[in-house]
Amino acid sequence: MIEGLRRLLPSSRVSTAAADLEVWGRDWTRSYAVNPSAVVFPETVDEVVAITRLANAEGGSLVPSGGRTGLSGGAVASHGEVVVSFDRMNRILGFDPADRTVRCQPGVVTAALHDFAEEHGLAYPVDFSSSGSSQIGGNVATNAGGIRVIRYGMTRDWIAGLTVVTGTGELLTLNQGLVKNATGYDLRHLFIGSEGTLGFIVEADVLLADPPSPSRVMVIGLERFADILEVLTRFQRSVTLSAFEFFSELALAKVVAHRDLARPLATPTAFYALLEFPAGDEQEALAAFEDTVGEGWVNDGVMSQSDAQARSLWALREGITESIAQQTPYKNDLAVRISDVPAFLDDVDRYVAQHYPDFEICWFGHIGDGNLHLNILKPAELPIDQFHERCHAISPGLFELVQARGGSISAEHGVGLLKRDFLSYSRTAAEIDIMRAVKRALDPNGVMNPGKLFA
Ligand code: 2HG
Ligand code: ZN
């Protein structure tokens, strides 16, 4: 396989250097051994086709690799796979103002697309903490969500067309940027969220939106999580929310300490919600805030008076992942219906407190999407192996709580390796069989990202 790769690509774009394998063999998860056999850097679609055909001929396996910011091990190469990095396919190929689409190579970094859209008086509204490193191909492959899903939806909603290379090396151009196309199965959507198990995304037509109007950010404190939906509903009655995020006091304490930031409110409360809305809705937002205080749901709040202050309030939410990273948290990315969120959080708190009283729970996430990030923090004195073992033991009981509410064991981070053994808590056996049949149709030799999503 490696000899074949060296025939296909110049030697500078096939690396077996230990340092490169270590970097390109992993994503942001840290709990997997990394052992790819090579990393390659194609520059053209034809090269991706040739690499895929070679892997089929030689019995090799390939791991697609973007910005490697994933949190579920979807881009980890542990079994001698060849990592196919899109770092060299990072150009914007074209923009059409009438279609409002940008044609992107997969390695375009999310933040570069944000900048490009802004330069053209428009916006790419999908955004997350990792947008400085994550790449469009990876965003598509995981159907990335983020902090403004409540208003703008997921990556899926912004993909007007895809060019893909299937697991057999066939090139497919899917939906060509059409708004309307009622011609049967939409294979584009099959590739979105497929986590590299069906093929490579080699080009994407990405839709842009109207430029955002100036916005305001508010952080409010709540003593009882049970009140959070009343607060959401009251604001939604008169304010166009582009974010409704939350974090617990523990999460705030971590981020404030880690980044040396000021607390948003004078008195700590159990939970905080962060709201973003257009500056034009400011009066309505203040009236909604007064009402929620009057009802006794909210006890304090602060609203940004400048863009700089809005950014510092956002930092309290966006800095959490980084602030808890050194405590090697056991990560969960759960979703239930929005209306079930408070009861579900209670179920989980009770379950963890009962079975694992020595574990700290750091809650935060996207209330407006019914998506809760549950990070269980490793006690300092507990060795990492024992921590993982105990967390693994937590999972079945936790996912039974998810299943009981018809929820998802992975709302936006994907299944990858981390949640693979638990897929059946969110998808039925019949569904998984159909997924396997789809995989066989597009990747009959199992070349693409083996062992991810299902074993
Ligand atoms: C976020 O919402 C990301 O900040 C990361 O999805 C969540 O670290 C996490 O668990
Ligand atoms: Zn998230």
| query | Which of the lysines could a cross-linker bridge to Lys439, judged by Cα under 28 Å and excluding same-chain residues fewer than eight apart? | reply | Lys180, Lys331, Lys419, Lys452
| task | Pick out, in residue order, every one of the trypsin sites (Lys or Arg not before Pro) in segment 111-208 that is DSSP loop and has at most 11 other C-beta atoms within 10 Å; say none if there are none. | result | Lys180
| Regarding segment 129-250, what are the three Cα extents along the principal axes, ordered largest first, in Å? | 55, 33, 27
| request: Sort segment 1-41 into rounded, prolate or oblate with this rule: let a ≥ b ≥ c be the square roots of the eigenvalues of the Cα gyration tensor; rounded if a/c is under 1.5, and if a/c is not under 1.5, prolate when a/b is larger than b/c, oblate otherwise. | output: prolate
| Debye intensity ratio in log₁₀ form over the Cα atoms of the chain, taken at each q of 0.07 Å⁻¹ | -0.36
| message | Probe radius 1.4 Å, ligands and nucleic acids ignored: give me the carbon and sulfur share of the accessible area of segment 86-196 as a rounded percent. | response | 48
| task | Please compute the Cα-Cα pair-distance distribution of segment 1-77 with 10 Å bins starting at 0, giving whole percents from short to long. | result | 19, 50, 28, 3
| remark: Taking a probe of 1.4 Å and leaving out DNA, RNA and ligands, the chain shows per residue an accessible area in Å² of 42
| note | Summing -39500 (n - 2.57) over every DSSP H run of at least 4 residues in the chain and dividing by its residue count gives a helix-only mean residue ellipticity at 222 nm, to the nearest 500 deg cm²/dmol, of -10000 deg cm²/dmol
| request: Determine the dipole magnitude for the chain: charges of +1 sit on the beta-carbon of Lys and Arg, -1 on that of Asp and Glu, nothing else is charged, the reference point is the Cα centre, and the result goes in debye to the nearest 20. | output: 1040
| said: Please state the shape class of segment 327-455: rounded when a/c is under 1.5, otherwise prolate if a/b exceeds b/c and oblate if not, all from the C-alpha gyration tensor. | reply: oblate
| query | What's log10 of I(q)/I(0) for segment 59-196 at q = 0.18 Å⁻¹, Debye sum over Cα points only, no solvent? | reply | -1.10
| request: Can you quote the Å³ per residue value for the convex hull of the Cα atoms in segment 237-283, rounded to an integer? | output: 109
| field | Principal-axis tilt of helix 228-238 within the chain, Cα atoms, nearest 10 degrees | value | 90
| field | For segment 1-62, size of Cβ-based charge dipole, Lys and Arg +1, Asp and Glu -1, in debye | value | 100
| What is the distance in Å between the Cα centres of segment 218-290 and segment 351-415? | 23
| note | Semi-axes in Å, largest first, for segment 284-323 (Cα gyration tensor, √(5λ)) are 24, 14, 6
| field | Segments 109-122, 349-362, 241-254, 367-380 sorted - mean Cβ within 10 Å per residue, highest first | value | 241-254, 367-380, 109-122, 349-362
| request: Determine one quarter of the surface area of the Cα convex hull of segment 207-324, which equals its mean projected area, and express it in nm² to one decimal. | output: 7.9
| field | Relative contact order of segment 323-432, defined on C-alpha pairs under 8 angstrom at six or more residues apart (%) | value | 34
| field | FRET efficiency estimate (nearest 0.05) - Cβ-Cβ, Ser133 to Glu389, R0 22 angstrom | value | 0.10
| query | For segment 71-223, what is the percent of antiparallel DSSP beta bridges, rounded to the nearest 5? | reply | 100
| task | Rank these by accessible area, largest first, 1.4 Å probe: Tyr185, Tyr32. | result | Tyr185, Tyr32
| task | Please report the relative contact order for the chain, taking Cα pairs under 8 Å with a sequence separation of at least 6, and give it as a percent rounded to a whole number. | result | 16
| request: Identify, among Leu250, Leu265, Ala204, the residue whose Cα sits farthest towards the positive end of the charge dipole of segment 197-267, taking +1 on the Cβ of Lys and Arg and -1 on the Cβ of Asp and Glu, with the dipole about the Cα centre. | output: Leu265
| request: Could you check the simple spin-label distance between Ala325 and Gln236, using points 7 Å along Cα→Cβ, in nm with one decimal? | output: 3.4
| field | Debye-sum result for segment 347-418 in log10 I(q)/I(0), which assumes one identical scatterer on each alpha carbon, at q = 0.12, 0.16, 0.19, 0.26 Å⁻¹ | value | -0.35, -0.62, -0.88, -1.47
| field | Segments 99-106, 15-22 sorted - mean Cβ within 10 Å per residue, highest first | value | 99-106, 15-22
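The values are calculated or read from the model by the stated rules, or taken from the named source; none is laboratory data. Bear in mind that the values here come from a model prediction, so they are computed numbers and not experimental data. Note that we place each Cβ from the backbone using ideal geometry, even for glycine, and neighbour counts take in every protein chain shown. Side chains are part of the model used for accessible areas, which takes the heavy atoms of the whole protein and leaves out ligands, DNA and RNA. Shrake-Rupley method; radii C 1.70, N 1.55, O 1.52, S 1.80 Å.
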